[in-house]
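Engineer: Right, I'll just put the structure down here and ask away after.
The values are calculated or read from the model by the stated rules, or taken from the named source; none is laboratory data. These numbers come from a predicted model, not from an experiment. Neighbour counts are summed over all protein chains in view; Cβ atoms, including those assigned to glycine, are modelled from backbone coordinates with ideal geometry. In case anyone asks, the SASA skips ligands and DNA or RNA and just uses the protein heavy atoms, side chains included. Shrake-Rupley method; radii C 1.70, N 1.55, O 1.52, S 1.80 Å.
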Amino acid sequence: LEAADKLLVLSKASSKLSFIDPETMTVLASVPTGPSPHEVCITSDGKLAVVADYGAVAPGNTLSVFDMASMEK
């Protein structure tokens, strides 16, 4: 699937980003983020997904960056 064909879903509780095929609702990959991910966006060229990691106890200040093609950090 191309980047535009993937649904990205964050789980704050498990600190993971899931790449999902929206037609079949199949989880293509589920990969760890930083603690308590809050938002995700895709770069305008569709190559990267960037997750804002909120932090487990205190507000965080990290980003997790994922390759949309390989679905890896």
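Engineer: Kindly give the semi-axes, whole Å and largest first, of the ellipsoid equivalent to the chain, taking each as the square root of 5 times a Cα gyration tensor eigenvalue.
Structural biologist: Working: eigenvalues 90, 36, 15 Å².
With the √(5λ) rule applied to the chain, the semi-axes are 21, 13, 9 Å.
Engineer: Checking the cross-link filter: which aspartates and glutamates have an alpha carbon closer than 18 Å to that of K47, excluding same-chain neighbours under 8 positions apart?
Structural biologist: E2, D5, D21, E39, D67, E72
Engineer: Let me ask something else. Could you give me the ³J(HN,Hα) list for segment 63-71, computed from phi with Karplus coefficients 6.51, -1.76, 1.60 and θ = phi - 60°, whole Hz, x at Gly and Pro?
Structural biologist: 10, 10, 10, 10, 7, 5, 6, 8, 6
Engineer: Given a cut-off of under 8 Å on Cα pairs at least six residues apart, what relative contact order in percent is computed for the chain?
Structural biologist: Values: 155 pairs, mean separation 17.3, N = 73.
RCO, the chain: 24 percent.
Engineer: Looking at segment 1-69, which GluC sites (Glu not before Pro) are in a loop (DSSP not H, G, I, E or B) and have at most 14 other Cβ atoms within 10 Å? Present the calculation step by step, with values, prior to reporting the outcome.
Structural biologist: On the way: sites: E2, E23, E39; in loops: E2, E23.
Here the GluC sites (Glu not before Pro) that fit, given the DSSP loop and packing criteria, are E2, E23.
Engineer: Per residue, how many Å² of accessible area does the chain show with a 1.4 Å probe?
Structural biologist: Values: 4560 Å² over 73 residues.
Per-residue accessible area for the chain comes out at 62 Å².
Engineer: So, with a 1.4 angstrom probe, what is the percent of accessible area on the chain that is carbon and sulfur? The partial results should precede the final answer.
Structural biologist: Working: 2620 of 4560 Å².
Taking all protein chains in place, the chain shows 58 percent carbon and sulfur surface.
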